[in-house]
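Visitor: Would you mind keeping the following structure in view while I ask a few things?
Where a number appears in this text, it was derived from the coordinates with a stated rule and is not lab data. Because the structure is a prediction, the values reported are computed rather than measured. So basically every Cβ, Gly included, is an ideal-geometry build from the backbone, and we count neighbours across all protein chains shown.
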């Protein structure tokens, strides 16, 4: 009888999986919007033409924001013993601030709902993982 051992997940791998999960979640929500016929188009009401939120844009923004969150946590780990608490507080503030543009742009109700869900999905993955204390 042979035994298999599961190698422990490294912090780098776990972080990468978390970031990948955020990208997958927003891509899935974008796809659901397309299947439901929800046009993800926003009008900034500043004289510029309305723009569609494309899948590449969604994936890129999610990836960049997630990596910035990870980088901020890594920096806080080097600077303070309260990195988890500070990072979580900052993350919640960023989440709340991320809803402000949804109030300022013109879009359909379903489009705003999908976009808001994207913000929540990213926070739901990042905050529990990067906000926890390291053992």
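Visitor: In which sequence would 9, 18 go, from the one with the fewest C-beta neighbours within 10 Å to the one with the most?
Guide: Taking fewest neighbouring Cβ atoms as first place, the list is 9, 18.
Visitor: Just how many % of Cα pairs in segment 81-135 lie over 13 Å apart, if you round to the nearest whole percent?
Guide: That tail contains 62 percent of the Cα-Cα pairs.
Visitor: Along the three principal axes, how long is segment 5-135 when you take its alpha carbons, biggest first, rounded to the nearest angstrom?
Guide: Rounded to whole Å, the extents work out to 49, 35, 19 Å.
Visitor: Which whole-number percent is the relative contact order of the chain (Cα, under 8 Å, 6+ apart)?
Guide: Computed value for the chain: 36 percent relative contact order.
Visitor: Does anyone have the angle between helix 109-130 and the longest principal axis of the chain? Alpha-carbon axes, 0 to 90°, nearest 10?
Guide: It works out to around 10 degrees.
Visitor: Can you tell me the orientation of helix 83-98 relative to the chain, as the angle in degrees between its alpha-carbon axis and the longest Cα principal axis, to the nearest 10?
Guide: Computed tilt is about 10 degrees.
Visitor: Between the helical axis of 55-79 and the dominant principal axis of the chain, each derived from Cα atoms, what acute angle in degrees is found, rounded to the nearest 10?
Guide: 40 degrees
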